[in-house]
Amino acid sequence: MGLRPRPAATIAVVLGLALFCGLGTWQLRRREEARLERERWAARIAEAPFDAASPPADPDLRRARVTGTPDWDAAMLVVGRWVRNEPGYGLLVPVDVGSGWVLVDLGWIPGDRVDEILAAERDLPAPRTWEGLARTAAEDPRAAEGLPTEADGRQWYWRRPSPQTMLPGRQVAPFVVADGPGLGEEEA
């Protein structure tokens with residue numbers, strides 16, 4: 001008497017093979033989508049930096065050059081930034097580019113050196129030029145929710161960049177330029 005396949009077992013094997021083939025196809029499709037996205041980013045980063053005073057329609061993930069006068073009295077700190085287990089802040093400064101304002105992210109600064117770093121930055125002559133990667137920032141009216149304000153009502157601490165919320169009443173670009181080399185330059 002030979003072994004005979006059972007219909008339920010045959011159906012389970014066929015369904016299992018169909019499932020694995022479907023998952024394999026899905027993984028290949030995801031791989032191709034990721035490759036196309038990497039190519040798109042690489043092409044955008046490889047482009048020449050744009051002037052932040054006249055940005056393109058879609059500035060995200062492109063190198064930008066910001067030339068203007070920083071308003072150090074309106075500088076802001078983004079909380080919750082750490083480097084090598086040392087607490088600090090992200091330092092943002094609005095820069096007047098003539099046609100409006102652009103937020104420049106100067107990067108992480110140690111929490112115990114904020115005043116010293118701001119004083120050193122103020123002493124540098126203006127106008128200044130920064131170049132880095134532009135990232136569009138979604139507006140979030142709750143970006144400073146729960147954080148203290150200064151005695152004069154100024155909001156010094158923020159959870160994340162939100163240009164219009166941070167600089168009400170000013171014409172501000174919807175992106176933040178992270179000071180430093182673009183990603184393509186770091187890899188070179």
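The values are calculated or read from the model by the stated rules, or taken from the named source; none is laboratory data. None of the values given here were measured: they were computed from a predicted structure. Here Cβ is always computed from backbone atoms with ideal geometry, including for glycine, and neighbour counts include all displayed protein chains. Side chains included, ligands, DNA and RNA excluded: accessible areas come from the protein's heavy atoms. Shrake-Rupley method; radii C 1.70, N 1.55, O 1.52, S 1.80 Å.
Comparing mean-square fluctuations of 173, 52, 119 from a GNM of the chain with C-alpha springs under 10 Å, the top value falls on 119. The Cβ shell under 12 Å around residue 108 holds other residues with a net charge of 0, Lys and Arg each +1, Asp and Glu each -1. Computed from Cα atoms, the angle from the helix 7-46 axis to the main principal axis of the chain rounds to 30 degrees. Once you reduce segment 136-172 and segment 33-104 to the center of their Cα atoms, the two points are 17 Å from each other. Under the criterion of Cα pairs below 8 Å and six or more residues apart, the relative contact order for segment 74-132 equals 25 percent.
Mean sequence separation of contacting Cα pairs (under 8 Å, at least six apart), scaled by the length of the chain, corresponds to a relative contact order of 21 percent. The mean accessible area for residues of the chain, using a 1.4 Å probe and ignoring ligands and nucleic acids, is 63 Å² per residue. Converting phi to 3J(HN,Hα) with the Karplus coefficients 6.51, -1.76 and 1.60 and the offset θ = phi - 60°, segment 83-94 yields 9, 6, 6, 10, x, x, 9, x, 9, 10, 9, x Hz in sequence order, with x at every glycine or proline. Here segment 114-164 yields Rg over Rh of 1.04, to two decimals, using C-alpha coordinates and the Kirkwood radius. Per-atom-type breakdown for the chain gives carbon and sulfur 56% of the accessible area (1.4 Å probe, protein chains only). Accessible surface for residue 114 stands near 20 Å², nearest 10, in the context of the full protein assembly shown (1.4 Å probe). Within the listed set 133, 167, 61, the Gaussian network model of the chain (springs between alpha-carbon atoms below 10 Å) gives the highest mean-square fluctuation for 167. When the surface is traced with a 1.4 Å probe over the full set of protein chains, residue 78 keeps roughly 0 Å² accessible.
Magnitude of the Cβ-charge dipole of the chain, K/R +1 and D/E -1, about the Cα centre, nearest 20 debye? Please report the intermediate quantities before stating the final value.
Details: 23 positive and 28 negative charges, 300 e Å.
In debye, rounded to 20, the chain gives about 1440.
Kirkwood's formula applied to the C-alpha pairs of segment 1-160 gives a hydrodynamic radius of 20.2 angstrom.
Residue 51 exposes around 80 Å² of accessible area when a 1.4 Å probe is run over every protein chain in place. If you run the Gaussian network model on the chain, springs between alpha carbon atoms under 10 Å, then out of 136, 165, 25 the most flexible one is 25.
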